[in-house]
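Scroll down for the structure; my scribbles are underneath it.
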């Protein structure tokens, strides 16, 4: 890998540089970051290719490795440390309540706030305090591609801005709603960090109470979304699109709620990721007609 050498504490500031190869991950060790270089630009060194990682699955959020599921073995933990040299390793045991508060334990190093870069966006968060939907990466990119400049978009479960930031960056006027005050604080910071304050209006509270007016697009990125369809359908018109997340296919429930609200709908279902044995995280694209 062709790379340039920069101080690790300046890494976040160079990732958007023209010479950086965004398809490859920087390598950090002992206070130095080796940043991959695009073809046609000069490099400081040619680093040997790293062997493919075949150990316990994890997500790197900033400089913290985040695990889900059963506790790792000592061997699995050591493998992760060798592979990505994280500041810390955090295991998320699960999420509780409507606010999706993570139950976590720090297995290695230290945890705390990180500045995570993904697909050109910046997300500031503490993975021990708020949920980060790393597995929805492709869905975030899809929403960013679907949104059109000037659309009025409701993000009913905004979290720290997973979908709000990409939608606003694509030119939408976003009404972002989040019930968890800690996540809401990070949402506000991420709006500023991504320079979309002129396109996002954020509200802290129950989205069912905060919805206002009519929206062109409604993002319902929570597994309880089907139960709140009646609230969302009170704020749409012909041509509006809802993106309804669920565990398993929710097409029948969506058609029933839409009919009760007096709407006909066209529905396209897609799988986002595997949720568990014989269960999929789904999203239904619902067009009002």
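Here, each number is a calculation from the coordinates, and none is a lab measurement. Here the structure is a predicted model, which is why all the values come from computation and not from measurement. Cβ atoms come from the backbone with ideal geometry, glycine included; neighbour counts cover every protein chain shown.
Quick notes
- Multiplying the residue separation of residue 259 and residue 137 by 0.36 nm and subtracting their alpha-carbon distance yields 40.7 nm.
- Sites residue 99 and residue 38 - FRET efficiency at Förster radius 45 Å, r taken between beta-carbons, to 0.05: 0.60
- Between helix 137-146 and the chain there is an angle of about 50 degrees, using the helix long axis and the longest principal axis of the Cα atoms.
- Kirkwood Rh in Å, taken over all unlike Cα pairs in the stretch 116-189: 12.3 Å
- Separation of the stretch 1-57 from the stretch 202-256 is 41 Å, based on Cα centroids.
- The modelled label-to-label distance between residue 146 and residue 73, using points 7 Å beyond Cα along the C-beta direction, is 4.2 nm.
- Largest mean-square fluctuation among 41, 121, 186, in a Gaussian network model of the chain whose springs join Cα atoms under 10 Å apart, belongs to 41.
- For the stretch 138-153, the residues whose amide N sits under 19 Å from a probe point set 7 Å from the Cα of residue 195 along the beta carbon direction are 149-150.
- The helix-based estimate of mean residue ellipticity at 222 nm for the chain, built from -39,500 (n - 2.57) per DSSP H run of four or more residues and divided by its residue count, is -6000 deg cm²/dmol to the nearest 500.
- Average silhouette area of the stretch 1-145, convex hull of alpha-carbon atoms, in square nanometres: 9.9 nm²
- A convex hull fitted around the alpha carbon atoms of the chain yields 140 Å³ per residue.
- Across 40, 69, 161, mean-square fluctuation computed from a Gaussian network of the chain (C-alpha pairs under 10 Å connected) peaks at 40.
- Cα shape, the stretch 189-283, gyration tensor, a/c 1.5 rule: oblate
- Gain on full extension, evaluated as 0.36 nm per residue between residue 51 and residue 12 minus their Cα-Cα distance, stands at 11.5 nm.
- Top of 250, 168, 12 by mean-square fluctuation, Gaussian network on the chain, Cα under 10 Å: 12
- Prolate is the label for the stretch 128-266, because the ratio a/c of its alpha-carbon gyration tensor axes (a ≥ b ≥ c) is 1.5 or higher and a/b is greater than b/c.
- Calculated FRET value between residue 208 and residue 237, using beta carbons and R₀ = 30 Å, to 0.05: 0.95
- Residue exposure proxy: 84, 207, ordered by other Cβ atoms within 10 angstrom of their Cβ from fewest to most, comes out as 84, 207.
- Net lengthening on full extension, residue 119/residue 24 (0.36 nm per residue, minus Cα-Cα): 33.0 nm
- Cα Rg over Rh - the stretch 53-112, Kirkwood: 0.98
- Listing 114, 174, 90, 20 from fewest to most neighbouring C-beta atoms within 10 Å gives 20, 114, 90, 174.
- Listed from fewest to most Cβ neighbours within 10 Å, the set 138, 99 follows the order 138, 99.
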